[in-house]
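Working notes, structure below.
The values are calculated or read from the model by the stated rules, or taken from the named source; none is laboratory data. Keep in mind the model is a prediction, meaning the values are calculated, not measured. Cβ placement follows ideal geometry from the backbone for every residue including glycine, while neighbour counts extend to all protein chains displayed.
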Amino acid sequence: MVDEKKTVSLSLISHTNVGKTTLARTLLRKDIGDVRDDTHVTDTNEVHVMLRTEEGHVLELWDTPGFGNSARLLNKLKDIPRPTGWFLEEAWDRFKDKTQWCNQQAIRNVRENADVVLYLVNAAEDPAEAGYVDCEMQILEWLSKPVIVLLNQIGPPREAEIEEEEEKLWEAKLQRFEVVKFVMSLDAFARCWVQEEQLMRAIEGVLSFAKRKPFKKMWEIWNANNIAVFERSVSVLSSHLAFGCCDREPLSQQKILELIQPKLKFPAISVEGRKERTAAMERLAERMQCSIKESLDELIKLHQLEGRAATEILKRMSSDFSSNKPVNEGISAVIGGFITGAVSGVGADFMSGGLTFGGGAVFGGIFGAVGATGLARGYNLIRGDKSPCMRWSLPLLKKIFQSALLRYLAVSHFGRGRGEYTESEYPEFWKARIKQITETHQSEIKSLWETCKRETNVSKLEPRFEKLLSNIIRQLLSEFYTDVKPF
């Protein structure tokens, strides 16, 4: 038996085929109902529990049949003294007049069950041309239940300014309807969990005073669950990043003379050395590929999304690797005699602890006044390694860091309406902002990379990666959604 005093009921209402069931799936974190491109796919009122507390409070979500031919329905109701009462008392045939049947079910649900109506509109339409919205709002005004309008089908995530402008257009269109209390974007295909906090606050603000207190407790639990998923996601990605930063592939001892061509013009690597280096690169890349896939699968599981991630193929460009092969100081002095001043390469810098193989250049960066012998000492001292090995370079670590941020945003914005999770193209503004923000934190990323030259215990380094990653993601979400404060 449902205790109405402890129950808050949300009714999803819209024109037919706008996406109610799709949004319900996203909010409920499970597949319910039938989703297909057709009218009146849902033809009965279906209730689902979103949250149940130990004290017996229940937050329930109703998926209802969509309104159909709203203009004809409104014209008919206008001529009747007691419009909604009469309409609900009529006996409509579910199969011979399915449109009227579905209209009746939706109206009955709002009148008898709803504490708050969540009304979906197709944001892809021009508000001025969505005439059915006016008709359906007039019907909802007769029912006198508070309405929160959700802009659905808005497409991929966009900058906050663009969404705010679109919301203002719909607010202007709907301002004459007193039942409309709030307008916000919440696309079933591209929503982010932080927007649910904004939705819950809006619901709390329009509920009857008797139900606000129990509802606040429920949405605080809901948000706490979301935060727990966020924190676990950050932990998963931090483990992945720490593993990649610490990972290394040992190389056999190779005389430094093999790096020098006979005429001592430029260093070179023997055929055997080149084969060994390539094999080491491949082993590093395979482990990184497995780590990426495992972390992505775990994110999908945490967000209760179906599907398995397709294997992401890494570009095994030689410039993505760093070698820490110890440098013989005597040979370094010889090299120093031939290389004076500055020699430009492809992003490799001995003093940063990496010998980068890329673009055919082995030695890069600036030698300058440091001197080859001093350089060798600095290199070995920084690395602290007695045997040669290969690891990921700092530039590549930055790319892996950016990739992890993109994967988090992609999964956390993925609505269940799409079915199984598949990786898709990221919005351009995500990429641009992530690149900017990682540049802002480049000193911290470099510090982690430097630490991983000495410390290879992943579990010891995970907390540092976790703190940095959490701060960056929180900053990104607060920028993308300026009206939410889930943390």
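For the structure I just gave you, tell me whether residue 453 is surrounded by fewer than 21 Cβ atoms within 10 Å (Cβ to Cβ), charged (D, E, K, R), in contact with a Gly (Cβ under 9 Å, 6 or more places away or on another chain) and at pLDDT 60 or above.
yes
Taking the criterion of being among the hydroxyl-bearing types (Ser, Thr, Tyr), closer than 30 Å to residue 224 by Cα and touching a strand residue (DSSP E or B) at 6+ places or on another chain (Cβ under 8 Å), the only residue of segment 46-85 that qualifies is 64. Of all the listed residues (438, 456, 451), the sole one being in a loop (DSSP other than H, G, I, E, B) and β-branched (Val, Ile, Thr) is 456. Within segment 433-474, the residues that satisfy the criterion of being hydroxyl-bearing (Ser, Thr, Tyr) and farther than 15 Å from residue 239 by Cα are 438, 440, 443, 447, 451.
Within segment 116-129, the residues that satisfy the criterion of being under 31 Å from the mean Cα position of the chain (by Cα) and not β-branched (Val, Ile, Thr) are 118, 119, 120, 122, 123, 124, 125, 126, 127. Any residue in segment 178-194 that is surrounded by fewer than 20 Cβ atoms within 10 Å (Cβ to Cβ) and part of a helix (DSSP H, G or I)? No, that holds for no residue.
Reported count of residues in segment 35-73, each being aliphatic (A, V, I, L, M), part of a loop (DSSP other than H, G, I, E, B) and at pLDDT 90 or above, is 0.
Looking across segment 472-484, the residues that are part of a helix (DSSP H, G or I) and either surrounded by 18 or more Cβ atoms within 10 Å (Cβ to Cβ) or free of Cβ contacts under 8 Å to residues at least 12 places away in the same chain (or both) come down to 472, 473, 477, 478, 480. Restricting attention to segment 137-193 and to residues that are of a type in the set (Lys, Arg) and in contact (Cβ under 8 Å) with a residue 12 or more places away in the chain, the residue that is farthest from residue 82 (Cα to Cα) turns out to be 158.
Residue 202 meets the stated requirement of being within 22 Å of residue 63 (Cβ to Cβ), in contact (Cβ under 8 Å) with a residue 24 or more places away in the chain and outside the structural domain of residue 63 (by TED's automatic domain parsing).
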